[in-house]
Amino acid sequence: MPNLTLDSNDPLILSVGGSLIVPDGGPNVDFLKQLRELVLKVIEQGRKIVIVTGGGKTARHYIDAASNVQKISDDDLDWLGIHATRLNGHLVRTILRDVAHPIVYKNPLAVPPVKEWQGNVLIGAGWRPGWSTDFVACRIAQLLDAKTVINMSNIDFVYSDDPRTNPDAKAYEDLRWRDYRQLVGDEWSPGLSAPFDPVAAKFCHKYGMSVAVVNGKNLAEVEKAILGQDFRGTLLS
């Protein structure tokens, strides 16, 4: 099983899949409660945290609705998803209001240094077309000199193929960027479903960053990754 070596002086960067925050049927209150508990536990240990929120089913529903009315440009589809990520960002900031910086950051390049935060948690969301929230999280990590991103998704591992349709798909615990990029390519498209965004993968490969893909439905595994313990998931590096 993989494990991470995280510098306790670096902020912890979490890219939280929107499908965890808003699956079908509306926001997942149980997940939000558990996320808050985990965040409070981590900041009690003196850590600072960045949480970047995805769009989830809200983004998917709006993208599908627009596409079913008429042909929509990729930019407009992306903007629908971006605004969904911002709504989710405000939801997460609201439940962490007592410990969070008051602003949800859209532009990852405008995030202030940790010493200027008002609180121990900073929330980010989507910025502009062509930038997934995974990519936003990676750019914030680079800006804050953090070398690792924990990607909280709704899958247990990165697989060689879709395990829902291919029972022989191989689960990876450790995967090099060059091999991962061969699996997913280098292109982003609105509403793309991939374990980790291809553009973000290209960026991490270039700058020597690591990403832990962990199923966010099991926050005990996320906590293990944060603590540097063996966790169930995939380490991309």
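Figures for the structure shown
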item: Selection within the range 12-40 - surrounded by 22 or more Cβ atoms within 10 Å (Cβ to Cβ) and among the hydrophobic types (A, V, I, L, M, F, W, C); result: Leu12, Ile13, Leu14, Val16, Leu20, Ile21, Val22, Leu35, Val39
item: Near pairs, Cβ below 7 angstrom, 6+ apart or cross-chain, from the range 213-236 (at positive phi) to any residue that is of a type in the set (S, T, N, Q) and at pLDDT below 95; result: Gly228/Asn3; Gly228/Thr5
item: Sole exception among (1) farther than 25 Å from Ser8 by Cβ; (2) surrounded by fewer than 17 Cβ atoms within 10 Å (Cβ to Cβ); (3) at pLDDT 95 or above; (4) of a type outside the set (S, T, N, Q) for Gly126, by number; result: (2)
item: The range 208-236, residues that are of a type in the set (Gly, Ala, Ser) and at pLDDT 95 or above; result: Gly208, Ser210, Ala212, Gly216, Ala220, Ala225, Gly233
item: Some residue of the range 141-149 being buried (at least 19 other Cβ atoms within 10 Å of the Cβ) and farther than 24 Å from Ala84 by Cα; result: yes
item: Residues that are buried (at least 19 other Cβ atoms within 10 Å of the Cβ) and in a loop (DSSP other than H, G, I, E, B), drawn from the range 52-72; result: Gly54, Gly55
item: Residue that is surrounded by the fewest Cβ atoms within 10 Å (Cβ to Cβ) [pool: residues in the range 208-234 that are touching a Cys at 6+ places or on another chain (Cβ under 8 Å) and of a type outside the set (S, T, N, Q)]; result: Met209
item: The range 5-33, subset under 15 Å from the mean Cα position of the chain (by Cα) and β-branched (Val, Ile, Thr), residue farthest from Lys147 (Cα to Cα); result: Val22
item: Residues located in the range 202-212, provided they are in contact (Cβ under 8 Å) with a residue 60 or more places away in the chain and assigned to a helix (DSSP H, G or I); result: Phe203, Cys204, Tyr207
item: Filter result (among the polar types (S, T, N, Q) and surrounded by 15 or more Cβ atoms within 10 Å (Cβ to Cβ)) within the range 87-105; result: Asn88
item: Scope the range 73-121; condition part of a strand (DSSP E or B), out of contact with any Phe, Trp or Tyr (no Cβ under 7 Å at 6 or more places or on another chain) and either under 25 Å from His61 (Cβ atoms) or of a type outside the set (Gly, Ala, Ser) (or both); matching residues; result: Pro102, Ile103, Val104, Tyr105, Val121
item: Among (1) of a type in the set (A, V, I, L, M, F, W, C); (2) touching a Lys or Arg at 6+ places or on another chain (Cβ under 8 Å); (3) without any contact (Cβ under 8 Å) to a residue 12 or more places away in the chain, the one test that Ala169 misses; result: (2)
item: Residue ID - surrounded by the fewest Cβ atoms within 10 Å (Cβ to Cβ), chosen from residues in the range 73-86 that are in contact with a helix residue (DSSP H, G or I) (Cβ under 6 Å, 6 or more places away or on another chain) and more than 12 Å from Trp131 (Cα to Cα); result: Leu77
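Yes/no per residue for (1) touching a residue at least 24 places away in the same chain (Cβ under 8 Å); (2) among the polar types (S, T, N, Q):
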| position | (1), (2) |
| --- | --- |
| Lys48 | yes, no |
| Thr58 | yes, yes |
| Ile63 | yes, no |
| Ser67 | no, yes |
| Ile72 | no, no |
| Asp76 | no, no |
| Gly81 | yes, no |
| Arg97 | no, no |
| Gly126 | yes, no |
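The values are calculated or read from the model by the stated rules, or taken from the named source; none is laboratory data. These figures come from a predicted structure and were not determined experimentally. Here Cβ is always computed from backbone atoms with ideal geometry, including for glycine, and neighbour counts include all displayed protein chains.
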